[in-house]
Amino acid sequence: MNSLIQYTLRIADSSLILGQRMSQWCSNGPTLEEDIAMSNIALDLFGQANGFYEYAAQLDGSRSADELAFKRNEREFFNHQLSEQENGNFGTTTVRNFLHDAFNFLFYTELASSKDETLAALSAKSLKEVKYHLRHSSNWLIRLGDGTQESNMKVQESLNFLWQYTGELFEMDEIDNEMLDEGAGVDNNKLRKGWDEIINSTIEKAKLTRPVDGYMANGSKKGIHTEHLGFLLAEMQFLPRAYPDAKW
Amino acid sequence: MQNGNTAHIWKLLNTIPDPEIPAISIVELGVIRDVTFSDKSYTILITPTYSGCPAVKTFTDDIKECLKENGVRNFKLKLIYSPAWTTDWMTDKTKEKLRKYGIAPPSNTVRCPQCNSKNVEILSEFGATACKSMCRCSNCLEPFEFFKCI
Ligand SMILES: [Zn+2]
């Protein structure tokens with residue numbers, strides 16, 4: 001598979017998997033407003049994933065966007081491990097999304113000036129939506145962190161746990177480097193400074209403590225995942241796999 | 001017609017209401033980017049408001065139906081992503097239609113569509129659709145939707 005397809009799939013996969021996680025909140029939100037907000041975010045993420053999958057499918061030439069989403073196995077998915085982490089309580093979801101949104105915001109900002117016109121256009125489009133997602137997750141992080149003793153404790157716990165999945169956001173492998181050399185990809189290392197600024201200032205406002213870097217999980221670029229992705233895919237892919245030509 | 005009658009196509013498209021806000025047409029919403037004619041066929045360029053907007057499927061179906069009903073058969077629809085849709089494309093006239101319909105139009109200052117007060121609070125960033133947030137007027141106490149600027 002060529003680097004451009006692989007690169008595009010990674011972006012699409014992270015959006016799809018995080019979107020699937022957000023859709024699991026539909027009808028389970030803490031309030032009606034939040035339920036609607038999270039479902040809307042899920043829709044944005046599915047829409048973004050769809051744009052990147054359509055492009056990957058066009059480059060691939062043999063598989064459709066739906067096949068890419070529903071007919072690949074766990075080891076063939078390249079989403080960040082952060083995006084597949086379970087929803088947990090509302091605070092866990094808030095922390096996970098905040099860490100991811102901050103990265104996505106910076107990533108799409110850079111990729112919007114890619115030499116690849118389609119990646120640039122899809123990124124510029126996604127960026128507008130991710131700005132809202134980041135605002136939403138940051139606001140909630142501040143409210144929960146600077147809320148009651150219990151809410152502060154819960155989000156701090158989630159932050160401590162999820163921190164190990166933030167390291168791989170900035171990794172570069174041979175595909176990233178090839179895309180970067182061609183002026184089509186992003187130098188993830190360069191996003192670190194901006195990410196730290198967003199994370200630190202928000203964490204401070206939320207009266208939380210930034211975890212100390214310890215063990216960092218990695219491997220999603222090679223299809224290595226935590227135990228949660230398999231279960232997520234089993235649920236998400238069940239229908240199109242059980243009824244391959246189902247129409248609704 | 002040799003060059004096609006794109007003005008006629010625009011006119012037909014302007015009769016199609018936005019599926020979620022029927023007070024304005026899909027042309028006024030700004031999702032129709034261009035109508036061109038070549039090789040005896042029209043090409044209609046469409047851009048989504050939000051990537052995941054479910055209305056896109058609805059209004060593409062509406063376009064096909066409307067054109068066919070009006071005897072236009074030689075056309076194709078093309079989805080484009082660049083330039084990304086922005087609320088800046090809405091004219092003042094369209095914004096006024098939104099306000100009359102009860103939706104605060106995109107603007108840097110949110111005003112209550114009922115009493116025009118600036119004394120409003122945002123209840124949720126996301127309303128019934130991704131393009132709107134939920135607000136309440138602190139002056140007349142009416143809840144309302146605000147069309148977000150993007
Ligand atoms: Zn009012």
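Shape of segment A:138-248 from its Cα gyration tensor (a ≥ b ≥ c, root eigenvalues): rounded if a/c is under 1.5, otherwise prolate when a/b > b/c, or oblate? Taking the square roots of the gyration eigenvalues as a ≥ b ≥ c, segment A:138-248 is oblate. Projecting the Cα atoms of B:7, B:131, A:160 onto the dipole axis of the protein assembly as shown, where Lys and Arg carry +1 and Asp and Glu carry -1 at the beta carbon, places B:7 farthest toward the positive end. Model label sites at residue B:69 and residue B:91, defined 7 Å from Cα along the beta-carbon direction, differ in position by 2.3 nm. What number does segment B:6-85 give for Rg over Rh if you use C-alpha atoms and the Kirkwood radius? With Rh from the inverse mean 1/r over Cα pairs, Rg/Rh is 0.93. Summarising the amide proton neighbourhood of residue B:34: residues at separation of 5 or more, or on other chains, whose placed amide H is nearer than 5 Å comprise B:45. Return the percentage of antiparallel bridges among DSSP beta bridges fully within segment B:6-85, rounded to the nearest 5 %. Just about 60 percent of them are antiparallel. Per residue of peptide A:30-39, the mean number of Cβ atoms on other chains within 10 Å of the residue Cβ is 3.
Amide H contacts of residue B:42 (H built 1.01 Å from N, in plane; Pro and chain starts excluded): B:75, B:76 sit under 5 Å, all sequence-distant by 5 or more or on other chains. The spread of Cα positions in segment A:70-164, taken along each principal axis and listed from longest to shortest, comes to 48, 31, 21 Å.
A convex hull fitted to the Cα coordinates of chain B yields 104 cubic angstrom per residue.
Put simply, the amide H of residue B:79, placed in the peptide plane, has neighbours under 5 Å in B:46, leaving out anything fewer than 5 places away on its chain.
Remark: the protein assembly as shown is approximated by an ellipsoid whose semi-axes, taken from the C-alpha gyration tensor as √(5λ), come to 36, 29, 19 Å, largest first.
On the protein heavy atoms, probe 1.4 angstrom, tell me the percent of accessible surface of segment A:90-191 carried by carbon and sulfur. Exposed carbon and sulfur together represent 49 percent of the surface. A full extension of the chain between residue B:40 and residue B:82 corresponds to an added length of 12.6 nm, given 0.36 nm per residue minus the alpha carbon distance. Normalising the average separation of contacting C-alpha pairs (under 8 angstrom, six or more residues apart) by the number of residues puts the relative contact order of segment B:6-85 at 31 percent.
Taking Cα centre as origin and charging only the Cβ of basic (Lys, Arg, +1) and acidic (Asp, Glu, -1) residues, the dipole magnitude of segment A:130-218 rounds to 840 debye. Every pair of different Cα atoms in segment A:12-170 enters the Kirkwood calculation, which places the hydrodynamic radius at 16.3 Å. Positive end of the dipole of segment B:89-147 (Cβ unit charges, origin at the Cα centre): among B:107, B:143, B:90, the Cα lying farthest that way belongs to B:90. Counting only other chain Cβ atoms within 10 Å of each residue's Cβ, the peptide B:83-89 averages 2.
For chain B, the relative contact order is 18 percent, taking Cα pairs closer than 8 Å that sit 6 or more residues apart in sequence and dividing their mean separation by the residue count.
Between residue A:189 and residue A:227, what length comes free when the chain is fully extended (0.36 nm per residue of separation minus the Cα-Cα distance, one decimal in nm)?
11.0 nm
Apolar share of the accessible surface for chain B: 48 percent from carbon plus sulfur atoms, 1.4 Å probe.
Solvent exposure of chain B amounts to 51 Å² per residue of accessible area, where only protein heavy atoms count and the probe is 1.4 Å. Buried surface between chains B and A: roughly 1800 Å² of accessible area, summed over both sides, computed with a 1.4 Å probe on protein heavy atoms only. Along the axis of the charge dipole computed for segment A:3-242 (Cβ charges of +1 for Lys and Arg, -1 for Asp and Glu, origin at the Cα centre), the listed residues A:223, A:112, A:29 are led at the positive end by A:29.
Compared with its chain on its own, segment B:110-148 contains the following residues whose accessible area drops by 10 Å² or more in the full protein assembly (probe 1.4 Å; ligands, DNA and RNA excluded): B:123, B:124, B:125, B:126, B:127, B:128, B:130, B:134, B:148.
Students sometimes get this wrong: rank B:27, A:186 by accessible area, probe 1.4 Å, all chains present, largest first.
Highest to lowest solvent-accessible surface, that is B:27, A:186.
Once C-alpha pairs closer than 8 Å and six or more residues apart are averaged by separation and normalised to the residue number of chain A, the relative contact order reads 24 percent.
Dipole size of the protein assembly as shown about its Cα centre, with +1 on Lys/Arg Cβ and -1 on Asp/Glu Cβ: approximately 1240 debye, rounded to the nearest 20.
Against the criterion of solvent-accessible heavy-atom surface with a 1.4 angstrom probe, B:120, A:95 sort, most first, into B:120, A:95. With a ≥ b ≥ c the root eigenvalues of the C-alpha gyration tensor of segment B:89-147, is it rounded (a/c under 1.5), prolate (a/b larger than b/c) or oblate? Judged from the Cα gyration tensor, segment B:89-147 comes out oblate (a/c at least 1.5, b/c at or above a/b). Which of the helices in chain A, when you take each full DSSP H run, stretch at least 15 Å along the axis at their Cα atoms and have an average Kyte-Doolittle score of 0.5 or higher? Qualifying helices: A:228-242.
The values are calculated or read from the model by the stated rules, or taken from the named source; none is laboratory data. Since the structure is predicted, the reported quantities are computational estimates derived from the model, not experimental observations. Glycine also receives a Cβ, built like all others from the backbone with ideal geometry; neighbour counts cover every protein chain displayed. When the accessible area is computed, the model is the full protein with side chains, heavy atoms only, and any ligands, DNA or RNA have been set aside. Shrake-Rupley method; radii C 1.70, N 1.55, O 1.52, S 1.80 Å.
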